[in-house]
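The values are calculated or read from the model by the stated rules, or taken from the named source; none is laboratory data. Since this is a predicted model, take the numbers as computed values, not measurements. Cβ placement follows ideal geometry from the backbone for every residue including glycine, while neighbour counts extend to all protein chains displayed. Surface areas here come from the heavy atoms of the whole protein model, side chains and all, with no ligands, DNA or RNA. Shrake-Rupley method; radii C 1.70, N 1.55, O 1.52, S 1.80 Å.
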Amino acid sequence: MGTVEPQVATTAQTQTTDGFQLVIDALKLNGIDTIYGLPGIPITDLTRRAQADGMRVLSFRHEQSAGYAASIAGFLTQKPGICLTVSAPGFLNGLNALAHATVNCFPMILISGSSEREIVDLQQGDYEEMDQLAIARPLAKAAYRVLHAEDIGVGIARAIRAAVSGRPGGVYLDLPAKLFAQSMDAELGKKNLIKVVDPAPKQIPAPDAVERALDLLRSAKKPLIILGKGAAYAQADSQIKELVEKTGIPYLPMSMAKGLLPDTHEQCASAARSFVLPGADVVMLIGARLNWLLSHGKGKTWGGKGPKDWGGQKFIQVDISPQEADSNVRIDAPVVGDIGSCVSALISGMGKDFGKPPAEWLNAVSEKKKGNIAKMAETLAKNPTPMNFHSALAVVRDIVKGNPDAMFVNEGANALDFTRSVVDMFMPRKRIDVGTWGIMGVGMGYCVAAAVATRQPVIAIEGDSAFGFSGMEVETICRYNLPVCIVIMNNNGVYKGTDVNPRGGDAAPTVFVKDARYEKLMEAFGGVGVYAKTPGELRRAMEEALRSARPTLINAVIDETAGTESGRITSLNPTAGKKK
Ligand code: ADP
Ligand code: TZD
Ligand code: MG
């Protein structure tokens, strides 16, 4: 709202600065040059002035998408991604992403304008009244409020440190409307700003912890390494490669760690996952938690007799959080520190006589892999009509192989699970997806941030339901003319398009409008829309999208009977048993 005020610069000629300018100055001083947000009272002028001051300000159609963009920018850059929202409803829309950042260990700062403290605290009914700080606190790694312009430097510095040091997470920064207009002496204002020194200090692991881990590895007959998204975040790519290759141990990448080493690496055991998890005797987790995505380290997946029984594995866990160990099963050798330092220490401790794992184990893993890869190749070679997930993904797999630099966004259920196993990644931090919560709605926000933060082309493989959560952001993608190619795996619904309401009348809860023309949404904003019914049409459209770098949405028509309920996690669905 309102018009652009003439800039109050912090220069020698002008005597005063204000809250708006100090926020911008503090962010810029700390190398933060991008804001993902949505304007409105009281932060409209902050967005204008940040842009006028040379920051990149990406304005979204919904704060949730801006928040997801900020969270993944944090993951990709190791700098906190900034999401800027208005008070109460805008704040709440951004809050989902703040919680997501905390849960996924991504550094992010949600900055929200807030209403008059005096009125909010007496609950007198202000415009967009809400005690935002109290609401954000349980969902954030830290939460702060700045009341005075002279404290802006400290506020931003604390938020940055909290977001990126130790285990990264989401931080909330509450900036009341009154703060922005406060003016103060420009020189003094400048002096109060803090350039954060060493925001994410190295944490060196204790030598005995490293030795304990190496002893355990030496004793292993069937060792396994699991790389998680913490390992991808750490940007210790060459050390991790060296550790994996020097030990010769088979490794499994978690979904966002795919490509840390190329998925085609001979030690990659992804294609033998259900063989190596129960088979391994010593497992080294690097930046991966033993949460539901790894069946809590126990049960049948790990060779346990019953659903909660220990499979007999010993665990090494390399993690920056000392509290993570023993969260689900005993960790025999915790190695606490940042992954770069821990992996380097492990490599130097290995010495020259560190033997490769027994050939029996390596051969068994490689046999299992070969069998499964051959089976998959057969499935991918089929060309059914209508197209199914596999025939479409055979195309995506080729395109990604030919464009290994491209960022790769993925969400959905079947559209996620099949893609994760079919599409190989070749470089670190290219694959970004639903993460720890298996959340729908990250798609378009991730596309924007991926394009902006990496300046690479983006390919997004989206379930038709998943896409709907953030679909309006195709306008944002067109507005900034980002090189994003969205492929919607359109099977007419959530998991499948075949459910029928037994009583007639309303459509079944999982079913959408049949044969919806999503590509027209992209055309509405000047992008390229393509309706693709065959693998050939899909291939041509994806190739053209990458060649032209124009925003493109390909509506890939998928057999509505092709998926399974909940994709790979059918067992977590309490009603799924009845449906089989
Ligand atoms: P995934 O979902 O891929 O299994 P998780 O999100 O469960 O990965 O685990 C990531 C782990 O990585 C978290 O426990 C977090 O503490 C840890 N982590 C994040 N960054 C670092 C780092 N720089 N050094 C060490 N550990 C890290
Ligand atoms: N809401 C949110 C925010 N996250 C979720 N994960 C869900 C709802 C539940 N859900 C899933 O777990 S997957 C999914 C939903 C709604 C969509 C699956 O349909 P899709 O994929 O079209 O995206 P497929 O290919 O049809 O399986
Ligand atoms: Mg679907």
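At-a-glance table
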{"quantity": "Tabulated pairs, segment 67-93, first among the hydroxyl-bearing types (Ser, Thr, Tyr), second open to solvent by 20 Å² or more (accessible area, probe 1.4 Å) and part of a helix (DSSP H, G or I), C-beta under 6 angstrom, 6+ apart or interchain", "calculated": "Thr77/Ala453"}
{"quantity": "Flag if Asn403 is closer than 30 Å to Gln456 by Cα, within 16 Å of ligand 3 (Cβ to nearest atom) and modelled with pLDDT of 95 or more", "calculated": "no"}
{"quantity": "Residue that is farthest from Ala545 (Cα to Cα) [pool: residues in segment 435-469 that are β-branched (Val, Ile, Thr), within 16 Å of ligand 2 (Cβ to nearest atom) and surrounded by 24 or more Cβ atoms within 10 Å (Cβ to Cβ)]", "calculated": "Val442"}
{"quantity": "Residue in segment 106-121 that is among the β-branched types (Val, Ile, Thr) and in contact with a Ser or Thr (Cβ under 6 Å, 6 or more places away or on another chain) present", "calculated": "no"}
{"quantity": "Residue pairs meeting the criteria (Cβ under 8 Å; at least 6 apart or on separate chains; first more than 15 Å from Ala209 (Cβ to Cβ), in segment 321-340; second within 16 Å of ligand 2 (Cβ to nearest atom))", "calculated": "Ser327/Asn291; Asn328/Asn291"}
{"quantity": "Residues satisfying the stated conditions in segment 470-481, i.e. more than 16 Å from ligand 3 (Cβ to nearest atom) and crowded, with 23+ Cβ neighbours inside 10 Å", "calculated": "Glu473, Val474, Thr476, Ile477"}
{"quantity": "Candidate set from segment 131-154 (those that are open to solvent by less than 60 Å² (accessible area, probe 1.4 Å) and in contact (Cβ under 8 Å) with a residue 40 or more places away in the chain); member that is nearest to ligand 1 (Cβ to nearest atom)", "calculated": "Ala140"}
{"quantity": "Qualifying residue in segment 474-489 (condition: more than 8 Å from ligand 2 (Cβ to nearest atom), among the hydroxyl-bearing types (Ser, Thr, Tyr) and in contact (Cβ under 8 Å) with a residue 40 or more places away in the chain)", "calculated": "yes"}
{"quantity": "Every residue from segment 423-434 that is touching a Lys or Arg at 6+ places or on another chain (Cβ under 7 Å) and buried (at least 24 other Cβ atoms within 10 Å of the Cβ)", "calculated": "Met425, Arg431"}
{"quantity": "Residue among Phe408, Phe426 that is aromatic (Phe, Trp, Tyr), without any contact (Cβ under 8 Å) to a residue 60 or more places away in the chain and away from ligand 2 (no atom under 12 Å from the Cβ)", "calculated": "Phe408"}
{"quantity": "Qualifying residue in segment 393-409 (condition: open to solvent by 10 Å² or more (accessible area, probe 1.4 Å) and under 19 Å from the mean Cα position of the chain (by Cα))", "calculated": "yes"}
{"quantity": "Failed item in (1) at pLDDT 95 or above; (2) buried (at least 19 other Cβ atoms within 10 Å of the Cβ); (3) within 27 Å of the chain's Cα centre (by Cα), with Gly563 passing the rest", "calculated": "(1)"}
{"quantity": "Matching entry among Lys356, Lys370, Lys375 (being among the basic types (Lys, Arg), away from ligand 2 (no atom under 16 Å from the Cβ) and in a loop (DSSP other than H, G, I, E, B))", "calculated": "Lys356"}
{"quantity": "Of residues in segment 292-320 being within 27 Å of the chain's Cα centre (by Cα) and touching a residue at least 40 places away in the same chain (Cβ under 8 Å), the one farthest from Lys229 (Cα to Cα)", "calculated": "Ile316"}
{"quantity": "Filter result (crowded, with 24+ Cβ neighbours inside 10 Å, assigned to a helix (DSSP H, G or I) and not β-branched (Val, Ile, Thr)) within segment 67-89", "calculated": "Gly67, Tyr68, Ala69, Ala70, Ser71, Ala73, Gly74, Phe75"}
{"quantity": "Selection within segment 100-131 - in a helix (DSSP H, G or I) and within 25 Å of Phe75 (Cα to Cα)", "calculated": "His100, Ala101, Thr102, Val103, Asn104"}
{"quantity": "Single unsatisfied condition, Leu521 versus (1) hydrophobic (A, V, I, L, M, F, W, C); (2) in contact with a Gly (Cβ under 7 Å, 6 or more places away or on another chain); (3) within 18 Å of Leu416 (Cα to Cα)", "calculated": "(3)"}
{"quantity": "Of residues in segment 43-66 being open to solvent by 20 Å² or more (accessible area, probe 1.4 Å) and touching a residue at least 60 places away in the same chain (Cβ under 8 Å), the one nearest to Ala200 (Cα to Cα)", "calculated": "Arg56"}
{"quantity": "Lone qualifier among Gly468, Gly493, Gly435 - being within 16 Å of ligand 1 (Cβ to nearest atom), under 27 Å from Gly67 (Cβ atoms), of a type in the set (Gly, Ala, Ser) and out of contact with any Leu (no Cβ under 9 Å at 6 or more places or on another chain)", "calculated": "Gly435"}
{"quantity": "Every pair of residues 6+ apart whose Cβ atoms lie under 9 Å, when the first sits in segment 268-291 and is under 28 Å from Ala374 (Cβ atoms) and at pLDDT 95 or above while the second is among the aromatic types (Phe, Trp, Tyr) and open to solvent by 40 Å² or more (accessible area, probe 1.4 Å)", "calculated": "Ala269/Phe275"}
{"quantity": "Elements of type strands (runs of 3 or more DSSP E) in segment 379-468, at least 1 residues being within 20 Å of Gly497 (Cβ to Cβ)", "calculated": "407-411, 458-463"}
{"quantity": "Residue list for segment 339-392, filter: open to solvent by less than 30 Å² (accessible area, probe 1.4 Å) and among the hydroxyl-bearing types (Ser, Thr, Tyr)", "calculated": "Ser341, Ser391"}
{"quantity": "Single unsatisfied condition, Thr102 versus (1) out of contact with any helix residue (DSSP H, G or I) (no Cβ under 9 Å at 6 or more places or on another chain); (2) open to solvent by 30 Å² or more (accessible area, probe 1.4 Å)", "calculated": "(1)"}
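Quick grid of which residues meet (1) at pLDDT 95 or above; (2) under 26 Å from the mean Cα position of the chain (by Cα):
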site: Asn501; (1), (2): yes, no
site: Thr534; (1), (2): yes, no
site: Glu543; (1), (2): yes, yes
site: Val557; (1), (2): yes, no
site: Gly577; (1), (2): no, no
